Amino acid sequence: MRRTPAELVGAEPGPAHHIDFDGRPVPALPGQSIAAALWADGVLAWRTTRVGGRPRGVFCGIGACFDCLATVNGRPNQRTCLLPAEPGTTVTTQEGHGRADLAI
Amino acid sequence: MLKTEPPLDVVVVGAGVVGAACAYYAARAGLAVTVVDRGPVAGGTTGAGEGNLLVSDKEPGPELDLALLSLRLWRELADDLGAAMEYEPKGGVVVSSTPAGQEALRAFAAQQAAVGVVAEEIPAERLQELEPHLSPRMAGGFHYPQDAQVQPALAAAHLLREARRLGAKLITGETVRAVRRRPDGAVLGVETDRRRLDAPAVVNAAGTWGGELAGLAGVHLPVLPRRGFVLVTEPLPRIIRHKVYAADYVADVASGSAGLQTSAVIEGTPGGPVLIGASRERVGFDRTLSQEALHRLAAQAAELFPVLADVTVMRVYRGFRPYLPDHLPAIGADPRVPGLYHACGHEGAGIGLAPATGLLIAEQLTGKQPELDLVPFRADRFPAA
Ligand SMILES: Cc1cc2nc3c(=O)[nH]c(=O)nc-3n(C[C@H](O)[C@H](O)[C@H](O)COP(=O)(O)OP(=O)(O)OC[C@H]3O[C@@H](n4cnc5c(N)ncnc54)[C@H](O)[C@@H]3O)c2cc1C
Ligand code: FES
């Protein structure tokens, strides 16, 4: 059986809902961050770096390193380790700076 | 025990961009140079500003002469070091939001043209060709192709690396505590907290702290701090091509007021973030974050480039420009102390003016006639308090 932090602290979260990740549903618990929901679903990377195109996901998990950026509800560069995975949230894998549409 | 080092031709105090340029040109002229800084390379104002190399904001006079010489030298330096220093000859665009502002820019550009500044008037309808994201509400602007940009910390580091390749020495983490002088007043060298450096010439490139160093040599030089904040956005693709600023900037730079002034200068960087700077205010070395300054810079930037309203500012930094009461730097031999040379007080233009400063100092050190008249920059022009 999988051991989770929720189990270790004896949490009794409310019923799970879903967020949308690149067009597919990912389960999330009330209060869970987007990064935690993705991790729990086995997703480790949701951004590629600007120069080398390398995969990135959570590093510090506490909002300090900006590694965990993704496009959330259409807004690029959001720290998924800080944002709650609320019902209806749409997360998109971010390519580089995520602002290619602005380039001139 | 203080260590004693072999004799040198010159000690440069300060490893900011100005000290680095002095060391580079002095070493290139064949002098034995040691640079000493109490912190790391570019740990002072050089690491806390922006790298605009501007002629567009300067009216005809000694500072513009210095800027024109310096921009020529930056171009030469860029042949070998351009990529390493992130040198970008991108040009500047100054815009005005009213016809009266455009008229003022026109008069300013006409004066500048007389001394060799190139500026082309851009009517409102052509501004978007230069800057597609610029607000369509502008009355017009001027394009200054000579304006350029470097990354200041990289520029200082690479100038010092070149100087070392030419034989210069660099000592970091040692504070100059005394300027040693002979009984007749002439300079003998400096003393740091670890060693004695003997040299018949000392260059004061201590930036905002240049007044203190002058004090160690027994002379008055009223260098004071003028605080500035810079906003750094999240990394973006290239959305701004030139350095873009509003016409009010020129008036702010020249202003004698102590109060907060903001007129955003906006530029992209090779690293991705857009820099929005800078405010100006005289509050001593107070490092407190000024929400008012940040708010005004952000609002002005969004007014010029509406696209920035949706972009996140990731961080903010501040620095203290070294200014002298008449807004000109102190450059050259101090007539009061034989062997003491000043290269400080460049206020908000020290990056731009660094190579010219270094070259002029090296020319004086080697007994050549300096390329520009140094009288307006003499350090003894301020009466002692
Ligand atoms: C917000 C802001 C924006 C700016 N934007 C621009 C711009 O776009 N373009 C431009 O040209 N300029 C700009 N400037 C101004 C520019 O940064 C400065 O004019 C320039 O960096 C000054 O360089 P410096 O080498 O004289 O001083 P510094 O870089 O401060 O170097 C002085 C050095 O001396 C050392 N020192 C001092 N006392 C001693 C001692 N007793 N012993 C040993 N070492 C000592 C210090 O540690 C320091 O490293 C800006 C400044 C600010 C604050
Ligand atoms: S993982 Fe470090 S900020 Fe999110």
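Counting only residues that are open to solvent by less than 30 Å² (accessible area, probe 1.4 Å), give me the strands (runs of 3 or more DSSP E) lying completely in segment A:46-104 with at least 2 of them.
On the way: elements: A:69-72, A:75-79, A:90-92.
The qualifying strands (runs of 3 or more DSSP E) are A:69-72, A:75-79.
Take segment B:41-66 and flag every residue that is in a loop (DSSP other than H, G, I, E, B), over 22 Å from B:Val244 (Cα atoms) and not aliphatic (A, V, I, L, M). Can you show your working first?
Let us first name the residues in segment B:41-66 that are in a loop (DSSP other than H, G, I, E, B), namely B:41-44, B:49-51, B:54-61.
Next cut, over 22 Å from B:Val244 (Cα atoms) only: B:41-44, B:61.
Once the filter is applied, which keeps residues that are in a loop (DSSP other than H, G, I, E, B), over 22 Å from B:Val244 (Cα atoms) and not aliphatic (A, V, I, L, M), segment B:41-66 yields B:Gly43, B:Gly44, B:Gly61.
Can you tell me which residues in segment A:49-81 are more than 13 Å from chain B (Cβ to nearest Cβ), touching a residue at least 40 places away in the same chain (Cβ under 8 Å) and more than 9 Å from the chain's Cα centre (by Cα)?
Matches in segment A:49-81: A:Gly53 only.
For segment B:26-71, what are the residues that are touching a strand residue (DSSP E or B) at 6+ places or on another chain (Cβ under 7 Å), under 28 Å from B:His143 (Cβ atoms) and of a type in the set (A, V, I, L, M, F, W, C)?
B:Leu53, B:Leu54, B:Val55, B:Leu71
Do we find a residue being out of contact with any Phe, Trp or Tyr (no Cβ under 7 Å at 6 or more places or on another chain) and farther than 29 Å from B:Pro273 by Cα anywhere in segment A:71-87?
yes
For segment B:103-128, which positions are small (Gly, Ala, Ser) and free of Cβ contacts under 8 Å to residues at least 24 places away in the same chain? Let's see the steps before the verdict.
We begin by selecting, within segment B:103-128, every residue small (Gly, Ala, Ser); these are B:104, B:107, B:109-110, B:113-114, B:116, B:119, B:124.
Once the filter is applied, which keeps residues that are small (Gly, Ala, Ser) and free of Cβ contacts under 8 Å to residues at least 24 places away in the same chain, segment B:103-128 yields B:Ala107, B:Ala110, B:Ala113, B:Ala124.
Condition first: more than 13 Å from ligand 1 (Cβ to nearest atom), modelled with pLDDT under 95 and closer than 26 Å to B:His342 by Cα. Now tell me which residues in segment B:216-256 satisfy that.
Correct list: B:Ala254, B:Ser255, B:Gly256.
For the condition closer than 25 Å to B:His327 by Cβ, over 21 Å from the mean Cα position of the chain (by Cα) and open to solvent by less than 30 Å² (accessible area, probe 1.4 Å), what is the one hit in B:Ser290, B:Ser279, B:Ser263? First the steps, then the outcome.
Values: B:Ser279 fails: over 21 Å from the mean Cα position of the chain (by Cα); B:Ser263 fails: over 21 Å from the mean Cα position of the chain (by Cα).
Exactly one of B:Ser290, B:Ser279, B:Ser263 is closer than 25 Å to B:His327 by Cβ, over 21 Å from the mean Cα position of the chain (by Cα) and open to solvent by less than 30 Å² (accessible area, probe 1.4 Å), namely B:Ser290.
Answer yes if at least one residue in segment A:44-56 is more than 20 Å from B:Pro273 (Cα to Cα) and touching a Pro at 6+ places or on another chain (Cβ under 7 Å), and no otherwise. Step through it out loud before you land on a result.
So the first thing to find is which residues in segment A:44-56 are more than 20 Å from B:Pro273 (Cα to Cα), and the list is A:44-46, A:55.
When the remaining residues are screened for being touching a Pro at 6+ places or on another chain (Cβ under 7 Å), the result is A:45.
Within segment A:44-56, one or more residues are more than 20 Å from B:Pro273 (Cα to Cα) and touching a Pro at 6+ places or on another chain (Cβ under 7 Å).
Cβ contacts < 7 Å: first residue more than 14 Å from every other protein chain (Cβ to nearest Cβ) and aromatic (Phe, Trp, Tyr), restricted to segment B:15-26; second residue away from ligand 2 (no atom under 16 Å from the Cβ) and open to solvent by 10 Å² or more (accessible area, probe 1.4 Å), any location; separation 6+ or different chain. Result?
From residues that are more than 14 Å from every other protein chain (Cβ to nearest Cβ) and aromatic (Phe, Trp, Tyr), the pairs are B:Tyr24/B:Glu162; B:Tyr25/B:Leu359.
Can you pull out the residues in segment B:335-385 that are closer than 20 Å to B:Val187 by Cα and surrounded by 24 or more Cβ atoms within 10 Å (Cβ to Cβ)?
Matches in segment B:335-385: B:Leu340, B:Tyr341, B:His342, B:Ala343, B:Cys344, B:Gly358, B:Leu360, B:Ile361, B:Ala362, B:Ala379.
With (1) touching a residue at least 24 places away in the same chain (Cβ under 8 Å); (2) surrounded by fewer than 24 Cβ atoms within 10 Å (Cβ to Cβ) as the list, and B:Asn52 as the residue in question, which single condition is left unmet?
Answer for B:Asn52: the failing condition is (2).
Please enumerate the residues belonging to segment B:219-241 that are surrounded by fewer than 23 Cβ atoms within 10 Å (Cβ to Cβ) and within 14 Å of chain A (Cβ to nearest Cβ).
B:Val232, B:Glu234, B:Pro235, B:Pro237, B:Arg238, B:Ile239, B:Arg241
I'm trying to understand the selection: among the residues of segment B:1-46, which are more than 17 Å from the chain's Cα centre (by Cα), open to solvent by 50 Å² or more (accessible area, probe 1.4 Å) and within 20 Å of B:Arg321 (Cβ to Cβ)?
B:Arg38, B:Pro40
Within the bounds of segment B:172-190, is there any residue that is without any contact (Cβ under 8 Å) to a residue 40 or more places away in the chain and within 30 Å of B:Leu68 (Cα to Cα)?
no
Grab the strands (runs of 3 or more DSSP E) fully contained in segment B:303-365, keeping just those with 1 or more residues being within 14 Å of chain A (Cβ to nearest Cβ). Before you say what the answer is, go through the steps one by one.
Working: elements: B:313-323, B:330-333, B:340-344.
Output list reads B:313-323.
The values are calculated or read from the model by the stated rules, or taken from the named source; none is laboratory data. Every value quoted in this text rests on a predicted model; they were computed, and no experiment measured them. Backbone-built Cβ (ideal geometry, glycine too); neighbour counts: all protein chains shown. Just the protein is used for accessible areas: all its heavy atoms, side chains included, with ligands, DNA and RNA removed. Shrake-Rupley method; radii C 1.70, N 1.55, O 1.52, S 1.80 Å.
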